[in-house]
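The values are calculated or read from the model by the stated rules, or taken from the named source; none is laboratory data. The structure displayed is predicted, hence computed values, not measured ones. Positions of Cβ are backbone-derived with ideal geometry, glycine not excepted, and every protein chain shown enters the neighbour counts. Please note that ligands, DNA and RNA were not included when accessible areas were found on the heavy atoms of the full protein model with its side chains. Shrake-Rupley method; radii C 1.70, N 1.55, O 1.52, S 1.80 Å.
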Amino acid sequence: GDPEGLVAELEGAAARGEAAAAASAALEAARAYRLQGHVSAAIDTCLAGIAARPSDTDLHLLLADIAVDCGWTGHAGDTYANLLRLVDLDGDAERGEAIRAAAAERLPGDGRFARA
């Protein structure tokens, strides 16, 4: 999709208090920006979506993935770890396992995500 149009959707949904719609538009826009190589725009869009819906694990996960893409492995590892804490608080074991698997794949040298 057109990331700029999606950002407009994000902003409109956020202004109306529609957190889920804002997060969804942010995720789609950030993914499009990432594919286009616009890293800063992807990060900014993720953060705007998180402002609308702080507990959106997909946006946090995309931020961590972008950090790995940029070589910011320390930051990415901390983001994955914090995201795991978030889903643990929700008791979502399935989502936690998916995040742990993504972290282990993206950061194979980080012992926090090693598979048993």
Selection over the range 68-81 where residues are under 16 Å from residue 114 (Cα atoms) and of a type outside the set (Ser, Thr, Tyr) yields a count of 5
In the range 92-116, residues that are touching a Lys or Arg at 6+ places or on another chain (Cβ under 9 Å) and open to solvent by less than 30 Å² (accessible area, probe 1.4 Å) total 3
Taking the range 87-107 and keeping residues under 14 Å from residue 64 (Cα atoms) and in a loop (DSSP other than H, G, I, E, B) leaves 107
Over the range 67-77, the set of residues assigned to a helix (DSSP H, G or I) and open to solvent by 80 Å² or more (accessible area, probe 1.4 Å) is 69, 75
Taking the range 27-79 and the residues there that are under 21 Å from residue 17 (Cβ atoms) and among the polar types (S, T, N, Q), the one that is modelled with the highest pLDDT would be 45
